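A.B. asks: Next up is a structure, given as structure tokens.
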Amino acid sequence: MSQPFRLVFALYPQLTQLDFTGPHEVLARLPGAECVLASAPGGMVESDSGLAFATVPLASVTHCDLICVPGGFGCADAMRDPVMLAELRRLAGGARYITSVCTGSLVLAAAGLLKGRRAACHWAWRDLLAEFDGVTPDAARTVRDGPVFSGGGVTAGIDMALTLLAELAGEAHARRVQLMIEYAPEPPFQCGRPELADPALVAQVRERLRHLVGPRQEAVRQAALALAA
């Protein structure tokens, strides 16, 4: 590519770092890639696991070719952040690709960027996408609908990014990158999706996530109402 291909990762406090570092590892290997870490206010952003990242203000980013929104424990607050949502709409308006991982699709939906689209999300929160007018939840690990690419929960971001890399730079290059990063998952347990896991295990995980249900449902409700107004 003769011109830099600018990828903006739109971060927020308490994101899940692998949601964006997985795709970043892949997409940074795109010829001509220029990766920008940004957040609504700029400055250091701490992930839900304690890793922190330096960011520039989203408002300082003039344009991008691709925008990626990760998920994480802080997604409800991101859905309520008017600056975050406004900047996502602005940048997405000129982007070739709009992408998300995990509950990042809820943030895209809150910004009004998924209307008329199918999208993936983490299995525990996927149904919340249907609260937004015109948004269809899709259980696939990677979903492509026009310029929108979305990955399911956390690790699916790598699959999404490799799929996108193949479109941008060709399948041969994407295959080389997959080999270079030795992406050949062999999980020790076959329980990475609820349909594979024991029902008791699924119930345990849902119980651990129960404290997030109310705040996320309310954030989605408020965002959906704001879009409908």
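The values are calculated or read from the model by the stated rules, or taken from the named source; none is laboratory data. Small disclaimer: the values here were computed from a predicted structure and weren't measured. A quick note on method: Cβ atoms are made from the backbone with ideal geometry, for glycine too, and the neighbour counts reach across all protein chains shown.
A.B. asks: Of the residues that sit in the stretch 28-71 and are touching a Cys at 6+ places or on another chain (Cβ under 7 Å) and surrounded by 18 or more Cβ atoms within 10 Å (Cβ to Cβ), which one is nearest to GLU167 (Cα to Cα)?
C.D. replies: Per the stated criteria, the residue is PRO70.
A.B. asks: Which of the residues spanning the stretch 100-155 are on the phi < 0 side of the Ramachandran plot and in contact with a His (Cβ under 8 Å, 6 or more places away or on another chain)?
C.D. replies: The answer is THR103, GLY152, GLY153.
A.B. asks: Return the pair list, or none, for Cβ contacts closer than 9 Å from residues in the stretch 25-45 that are without any contact (Cβ under 8 Å) to a residue 60 or more places away in the chain to residues that are acidic (Asp, Glu) and part of a helix (DSSP H, G or I), at least 6 apart or on different chains.
C.D. replies: ALA38/GLU87; ALA40/GLU87
A.B. asks: Looking at the stretch 80-95, which of its residues are in a loop (DSSP other than H, G, I, E, B) and over 13 Å from ALA219 (Cβ atoms)?
C.D. replies: Within the stretch 80-95, just ALA95 meets the criteria.
A.B. asks: Then there's this: Within the group GLY93, GLY74, GLY43, which residue is touching a Pro at 6+ places or on another chain (Cβ under 7 Å) and either modelled with pLDDT of 95 or more or over 15 Å from ALA224 (Cβ atoms) (or both)?
C.D. replies: Testing whether each residue is touching a Pro at 6+ places or on another chain (Cβ under 7 Å) and either modelled with pLDDT of 95 or more or over 15 Å from ALA224 (Cβ atoms) (or both) leaves just GLY74.
A.B. asks: Name the single residue, out of those in the stretch 137-184 being in a loop (DSSP other than H, G, I, E, B) and touching a residue at least 24 places away in the same chain (Cβ under 8 Å), that is surrounded by the most Cβ atoms within 10 Å (Cβ to Cβ).
C.D. replies: Applying the filter and picking the extreme gives GLY152.
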